[in-house]
Amino acid sequence: MAKKRIVSTTINGDAVEFLCEPRQTLLEILRDVLEMTGTKEGCGNGNCGSCTVLMNGKPVTSCLVLGVEAEGVELRTIEGVARGSELDEVQQAFLEGAALQCGICTPGFIMQTEALLACNPTPTEEEIRFHLAGNLCRCTGYDKIVRAVQCAAERRAGACHK
Amino acid sequence: MRDFDYVAPTSLQQAVELLAKPAGQARPLAGGTDLIDHVRNGRLSPDVLVDIKKIPELNLLEAGPNGLRLGAAVNCATIAAHQAVQAQYTALVDSCQIIGGVQIQSRASVGGNMCNSGPAADSTPSVIALGGRCVITGAQGTREVAAEDFCTGPGKNVLKPGELLVELRFPAPAPHTGSHYRRFIPRNEMDIAVVGIGVSVTLDDTLKIITAARIALGAVGPTPILATAAAQALIGQPATDETYQKAVPLAREVATPINDMRGTKDYRIHLVGVLLVRSLQAAVARAKGECPNYKPGH
């Protein structure tokens, strides 16, 4: 077996070290080693976006990243989105808008939405649909998700104007 | 997943030494969006993955008077956000915005897209249309290959065992040059091209006459195809739909598509004409400094 190695990374602002085989994906490390099970596995081949996390601010499917590649990077996962016990605008909008049913895809959608709003705080519906095309939801039909993203964007814009 | 070792060299020399193993045992890892999936599903069985993202030459992204140097490991999101690429090598931006979804674009590289050598690769027609050259390094030294000669068949290319694609070099475009890549898919995003076309067009100072053109067709043959005669038919002609229509039969002539689940031969041949006219219209609009009526995915 290839030698395990220690990987030092930052997850949701905290310095984290883990022991990793080269063949373990970042998704496996998050869920099975670090027990951060908020990130979900859907397809396991980069098609569905359920395992989306932010790596140095950019959204990636963590099933297509090796754990060893996390050395020295900044990761943000669904566990780091809420401010303490208070949900952030995106989470709150998904909850209020019933933008989920089974919920497996939701952490991926929320991380992908965070990435979108960070670079485009006022996206059009078309831009939202294009940006979220790498996230699949087999329950909602997407309309409520798109509306939740619009709602979160409006609330954030409102907060900025105060 | 299969057991393998991982090394992340910081120099090209180290990488070449690590890759000098019998074919298939060592594989370069850039974005991993194809490689990791292929290792997981058993299509590839390497013993070591050589992460090439820490090598300076592979991360180069520099545009200047001598053209563009694009390291083979630079990801699509970085390329699409680069101002000089947006301004002068726009077809590359078109490609990088529609390869996979946004998550894939954060990792996948144009170099990797070329090395996978899929006939329907979205970036290769742009690289060919922009006159790209592939800089390849191996134990025997460095060589350059024109982008249109890089792919040799589905999943096959000119790289010999142990050789690495280091960078893509593009000439600086002449004044009044515009480029465009577009593909047809039955939805708006996240699909494989039924046909994809990359074009680059240069106009004279009056912005009316075409003085140079390159056309590359994707997904209509075992490799992307440089449509030389079709491009030649545009030279010296006015930049009008009538001229573009003259190039259509010449582009269709070199297309050798297959029937598969994404489209029939006849349908693909038809699409070559439709997409060629639309991509020339958009490239010419860009050459004139106008904003063409194009949104990624449409």
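The values are calculated or read from the model by the stated rules, or taken from the named source; none is laboratory data. Just so we're clear, the structure is a prediction, and the values are computed from it rather than from any experiment. Cβ placement follows ideal geometry from the backbone for every residue including glycine, while neighbour counts extend to all protein chains displayed. Heads up: the accessible areas ignore ligands, DNA and RNA and are worked out on the full protein's heavy atoms, side chains in. Shrake-Rupley method; radii C 1.70, N 1.55, O 1.52, S 1.80 Å.
A few remarks follow.
- Pairs with Cβ under 9 Å, 6+ apart, first in segment A:141-156 and polar (S, T, N, Q), second at pLDDT 95 or above: A:Gln150/A:Ala93; A:Gln150/A:Pro123; A:Gln150/A:Glu125; A:Gln150/A:Ile128
- Screening B:Pro46 against (1) within 14 Å of chain A (Cβ to nearest Cβ); (2) in contact with a strand residue (DSSP E or B) (Cβ under 6 Å, 6 or more places away or on another chain); (3) open to solvent by 10 Å² or more (accessible area, probe 1.4 Å) leaves a single unmet condition, (3).
- Answer from B:Val284, B:Val248, B:Val272 - the residue that is farther than 15 Å from B:Leu217 by Cα and assigned to a helix (DSSP H, G or I): B:Val284
- Residue match in segment B:3-23 (condition: assigned to a loop (DSSP other than H, G, I, E, B), over 26 Å from the mean Cα position of the chain (by Cα), at pLDDT below 95 and within 14 Å of chain A (Cβ to nearest Cβ)): no
- Any strands (runs of 3 or more DSSP E) falling wholly within segment B:39-82 and containing at least 1 residues that are modelled with pLDDT under 95: none
- All conditions but one from (1) within 14 Å of chain B (Cβ to nearest Cβ); (2) in a helix (DSSP H, G or I); (3) of a type outside the set (D, E, K, R); (4) surrounded by fewer than 22 Cβ atoms within 10 Å (Cβ to Cβ) apply to A:Cys151; the one that does not is (1).
- Selection within segment A:107-125: residues that are surrounded by fewer than 20 Cβ atoms within 10 Å (Cβ to Cβ) and polar (S, T, N, Q). The member of this set that is farthest from A:Arg156 (Cα to Cα) is A:Thr124.
- Residues of segment A:10-36 satisfying the condition of being under 12 Å from A:Leu66 (Cβ atoms) and open to solvent by less than 60 Å² (accessible area, probe 1.4 Å): A:Cys20, A:Glu21, A:Pro22, A:Gln24, A:Thr25, A:Leu26, A:Leu27, A:Ile29
- Of the residues B:Ile136, B:Ile128, the single one that is touching a residue at least 24 places away in the same chain (Cβ under 8 Å) and out of contact with any helix residue (DSSP H, G or I) (no Cβ under 8 Å at 6 or more places or on another chain) is B:Ile136.
- In segment B:185-199, the residues that are within 15 Å of B:Lys295 (Cα to Cα) and within 12 Å of chain A (Cβ to nearest Cβ) reach residues that are at pLDDT below 95 and surrounded by fewer than 22 Cβ atoms within 10 Å (Cβ to Cβ) with C-beta atoms within less than 6 angstrom, at least six apart or across chains, in these pairs: B:Ile185/B:Asp191; B:Asn188/B:Gly297; B:Glu189/B:Gly297.
- A count restricted to segment B:49-82 and to residues that are of a type in the set (Gly, Ala, Ser) and either in the same structural domain as B:Leu18 (by TED's automatic domain parsing) or surrounded by fewer than 24 Cβ atoms within 10 Å (Cβ to Cβ) (or both) stands at 6.
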